[in-house]
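For reference, the structure is listed below as structure tokens.
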Amino acid sequence: MSNKNAERTYIMVKPDGVQRGLVGDIIGRFEKRGFKLIALKLVHATREHLEDHYGDLKGKPFFPGLINYMASGPVVAMVWEGLDAVKTGRSMLGATNPLASAPGTIRGDYALAVGRNICHGSDSVENAEKEIKLWFPEGIVQYSHDLAPWIF
Ligand code: RTP
């Protein structure tokens with residue numbers, strides 16, 4: 001049975017988010033919301049790796065441009081854990097097209113173009129599991145916030 005309190009999602013700051021210095025803001029939003037940071041690394045991904053990540057979109061007219069964009073610089077790969085993390089993570093990111101993203105969301109606050117939309121978030125628990133395995137094949141450090149009783 002799934003435990004929504006311990007749900008995990010894969011969140012990635014895309015190359016434009018890294019270049020624009022938005023990494024700290026994005027991490028801060030997830031921390032302040034109450035999610036637990038489970039894994040984090042800076043990666044300049046290969047085209048093959050990105051084609052695996054976006055495998056479902058192969059054949060879309062924007063696919064080559066998407067791979068060029070994602071391969072243009074390092075990304076920040078993260079796993080966040082907490083209550084309903086997949087759905088809540090997507091709502092914090094905003095709509096795929098920033099022009100349709102509400103103010104207060106990451107894309108709604110910082111982006112205008114669908115081809116430069118700053119961040120990625122898993123769209124289902126099943127895809128989150130696949131993406132976490134793809135980006136963190138080495139596994140994830142386990143730790144408990146319970147060890148730090150001053151964190152609420
Ligand atoms: P993501 O996977 O990056 O979180 O985005 P998403 O689920 O919200 O949207 P998806 O349809 O999976 O598209 C993946 C990424 O492809 C780029 N895109 N460009 N030019 C276009 O029409 C177009 N449509 C999508 C965006 O960077 C989108 O986030």
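What is the distance, in nm, between label points placed 7 Å from the Cα along the Cα-to-Cβ direction at residue 96 and at residue 58?
Result: 1.8 nm between the two label points.
Give me the mean projected area, in nm² to one decimal, of the convex hull enclosing the Cα positions of the chain.
9.5 nm²
Taking 30 Å as the cut-off for C-alpha to C-alpha distance, list the pairs among 4/41; 36/60; 14/36; 32/60 that go past it. Intermediate results must be reported in sequence, preceding the final value.
Values: 4/41 25 Å; 36/60 34 Å; 14/36 20 Å; 32/60 36 Å.
Correct reply: 36/60; 32/60.
Looking at the square roots a ≥ b ≥ c of the eigenvalues of the Cα gyration tensor of region 1-78, which shape do they give, rounded for a/c under 1.5, prolate if a/b is larger than b/c, or oblate? Display every interim value, and only then the final one.
Numbers: a/c = 2.47, a/b = 1.42, b/c = 1.74.
Taking the square roots of the gyration eigenvalues as a ≥ b ≥ c, region 1-78 is oblate.
Quick one: which of 6-15, 74-83 comes out on top by average Cβ neighbours within 10 Å, and what's the full order, highest first? Intermediate results must be reported in sequence, preceding the final value.
Details: 6-15: 22.8, 74-83: 20.9.
The packing order, highest mean first, is 6-15, 74-83.
Would you mind working out the accessible area per residue for region 23-144, using a 1.4 Å probe, and quoting it in Å²?
Working: 6350 Å² over 122 residues.
Averaged over the residues of region 23-144, the accessible area is 52 Å².
Placing unit charges on C-beta atoms (Lys and Arg positive, Asp and Glu negative, everything else neutral), compute the dipole magnitude of the chain about its Cα centre in debye, rounded to 20.
Values: 18 positive and 17 negative charges, 69 e Å.
The dipole of the chain has a size of about 340 debye.
For n ≥ 4 DSSP H runs only, could you compute -39500 (n - 2.57) per run for the chain, divide by its residues and tell me the 222 nm figure to the nearest 500? Before the final figure, lay out the partial values.
On the way: 7 runs with 56 residues, N = 152.
Helices in the chain give a 222 nm mean residue ellipticity of -10000 deg cm²/dmol.
Using modelled backbone amide H atoms (1.01 Å from N, in-plane), which distant-in-sequence or interchain residues come within less than 5 Å of residue 39's amide H?
79
I'd like the accessible area for residue 38: 1.4 Å probe, protein heavy atoms, all chains in place, Å² to the nearest 10.
10 Å²
How far apart, in nm, are the 7 Å Cα→Cβ label points at residue 31 and residue 130?
Result for the modelled spin labels: 3.2 nm.
Using a 1.4 angstrom probe on heavy atoms only, work out the carbon and sulfur share of the accessible area of the chain in %. The partial results should precede the final answer.
On the way: 4800 of 8440 Å².
Percent of accessible area from carbon and sulfur atoms in the chain: 57.
Given H placed 1.01 Å from N in the peptide plane, which residues other than close sequence neighbours of residue 122 have an amide H under 5 Å from its amide H?
The list, which skips near neighbours in sequence, is 10.
The values are calculated or read from the model by the stated rules, or taken from the named source; none is laboratory data. Because the structure is predicted, anything quoted here is derived from the model rather than measured. As a convention, Cβ positions derive from the backbone with ideal geometry for all residues, glycine included, and neighbour counts pool all protein chains shown. Ligands, DNA and RNA are stripped out before the accessible areas are found, and what is left, the full protein with its side chains, is counted by its heavy atoms. Shrake-Rupley method; radii C 1.70, N 1.55, O 1.52, S 1.80 Å.
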